[in-house]
Amino acid sequence: MSCSLNLRSISYKKGDKYILEDINFDLDHKEKIAIVGQNGVGKSTLLKIIAGLKIATNGEIEIFHNKIKYQNDFEKYRDEIGYLPQDVSSFFLCITVIEDIMFSLLTLGIKKEEAYKKSIEMLKRLDILYLENRVIYDLSGGEQKIVALAAILIKEPKILLLDEPTNALDKKSENLILDILNKIDKSMVIVSHDKIFIEKLASKVYNLENKSLTEIRLS
Ligand SMILES: Nc1ncnc2c1ncn2[C@@H]1O[C@H](COP(=O)(O)OP(=O)(O)O)[C@@H](O)[C@H]1O
Ligand SMILES: [Mg+2]
C-alpha cells in the first residue's frame, strides 16, 4: 500500500534533554492514526516535526516517499499538509471568519466569487454559517477551533495533522467534528487525550510515553 508518511528513528532534543527518542511509524494512504498520551509527553512537538515546523534532531521523514532532509523541503508539501495547531489563537490572518476562510482559497489563486461560494458551503458543512461575519478574536476557543478547521479543510490537503481537534468544544460540536472527520477519506494523524473520541475515529492508536510510541488497543 502507498504511504503518505514514514517516520524513521525520529528523536528531538531540547537543550540537553531528549523529548522524543526513536519514534517510528508509517501512515498509509487514507489511514487515520491517533497519538494519545499524558500532558507534556511531547505529542504537540511530534506533530510539529511532522508538519515541518520543528526539525528533528535525528531520524528521517518521508512524505509521499520523498525524503525530507532540510526544512525547505517541506515547502513543496505546504498545500498538501493541513496542520491544526493545539492553540489556534495565532492561526488567523484576517479579521472576520469569512475573510479568513476565503483567504485560504485566494492564496491558491481561486477567484474571489468562487472563493466566497466555497467558503459559505464550508461554513454550512461545519454548521457555523452564523459565524460568517463575526470577528475571529471575539469567538470562544471552541468556535475558533472549528473556524481554523474550516480554513484547513477548504484547501483539501492530502494529509491532515490535527492537534487536539476537540479540546474546548462542546459535545454537539465534538460529535459534528467526529462525523465530518469520519467522512473525510484522507490520511490523518490526530493527537488527542480524549480516548472515546479517538476510538470512534482512528484505526490505529499509539501511546506516547517515556519519549517513545507504543501501539495500543483501546477496547
Ligand atoms: N516552546 C517551548 N519552550 C520550552 N519548552 C517547551 C516548549 N514547547 C514544549 N515544551 C516542553 O516540551 C515538552 C513536550 O511538550 P508538548 O509537545 O507540548 O507536549 P504535549 O503536547 O504532549 O502536552 C514539555 O515538557 C513542554 O514543557
Ligand atoms: Mg499538546
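The values are calculated or read from the model by the stated rules, or taken from the named source; none is laboratory data. Computed from a predicted structure; not experimentally measured. Note that we place each Cβ from the backbone using ideal geometry, even for glycine, and neighbour counts take in every protein chain shown. What goes into the accessible areas is simple: the full protein's heavy atoms, side chains included, and nothing from ligands, DNA or RNA. Shrake-Rupley method; radii C 1.70, N 1.55, O 1.52, S 1.80 Å.
Among the residues of region 201-219, those that are away from ligand 1 (no atom under 16 Å from the Cβ) and open to solvent by 70 Å² or more (accessible area, probe 1.4 Å) comprise Ser203, Glu215, Arg217, Ser219.
When Tyr137 is tested against (1) within 16 Å of the chain's Cα centre (by Cα); (2) assigned to a helix (DSSP H, G or I); (3) surrounded by fewer than 17 Cβ atoms within 10 Å (Cβ to Cβ), only condition (1) is not met. When the test is whether a residue is within 15 Å of Leu213 (Cα to Cα) and assigned to a strand (DSSP E or B), Leu7 passes it. Of all residues in region 23-42, those that are without any contact (Cβ under 8 Å) to a residue 40 or more places away in the chain have Cβ atoms under 9 Å from Cβ atoms of residues that are away from ligand 1 (no atom under 12 Å from the Cβ) and among the polar types (S, T, N, Q), 6 or more apart or on another chain, in Asp26/Ser4; Asp26/Asn6. Put simply, of Lys145, Lys118 the only residue that is open to solvent by 10 Å² or more (accessible area, probe 1.4 Å) and either outside the structural domain of Ala51 (by TED's automatic domain parsing) or of a type in the set (Val, Ile, Thr) (or both) is Lys118. Of the strands (runs of 3 or more DSSP E) lying entirely inside region 32-77, the ones with 1 or more residues being within 16 Å of ligand 2 (Cβ to nearest atom) and touching a helix residue (DSSP H, G or I) at 6+ places or on another chain (Cβ under 8 Å) are found at 32-36. Leu27 satisfies every condition listed in (1) over 17 Å from the mean Cα position of the chain (by Cα); (2) more than 26 Å from Ser140 (Cα to Cα); (3) more than 16 Å from ligand 2 (Cβ to nearest atom) except (1). Take Asp73 and decide whether it is assigned by TED's automatic domain parsing to the domain that holds Asn210 and either open to solvent by 30 Å² or more (accessible area, probe 1.4 Å) or within 16 Å of ligand 1 (Cβ to nearest atom) (or both). Judged against the criteria, Asp73 is a match. Within region 81-107, work out how many residues are in a strand (DSSP E or B), open to solvent by less than 20 Å² (accessible area, probe 1.4 Å) and farther than 22 Å from Val189 by Cβ. Here the count works out to 0. Residues of region 148-200 that are within 17 Å of Gln86 (Cα to Cα), open to solvent by 50 Å² or more (accessible area, probe 1.4 Å) and either more than 16 Å from ligand 1 (Cβ to nearest atom) or of a type in the set (A, V, I, L, M, F, W, C) (or both): Ala168, Asp170. The residue of region 10-24 that is most open to solvent (accessible area, probe 1.4 Å), among those that are away from ligand 2 (no atom under 16 Å from the Cβ) and outside any loop (DSSP other than H, G, I, E, B), is Lys17.
With respect to Ile110, is the statement that it is open to solvent by 20 Å² or more (accessible area, probe 1.4 Å), of a type in the set (Val, Ile, Thr) and assigned to a loop (DSSP other than H, G, I, E, B) true? Against the criterion (open to solvent by 20 Å² or more (accessible area, probe 1.4 Å), of a type in the set (Val, Ile, Thr) and assigned to a loop (DSSP other than H, G, I, E, B)), Ile110 qualifies.
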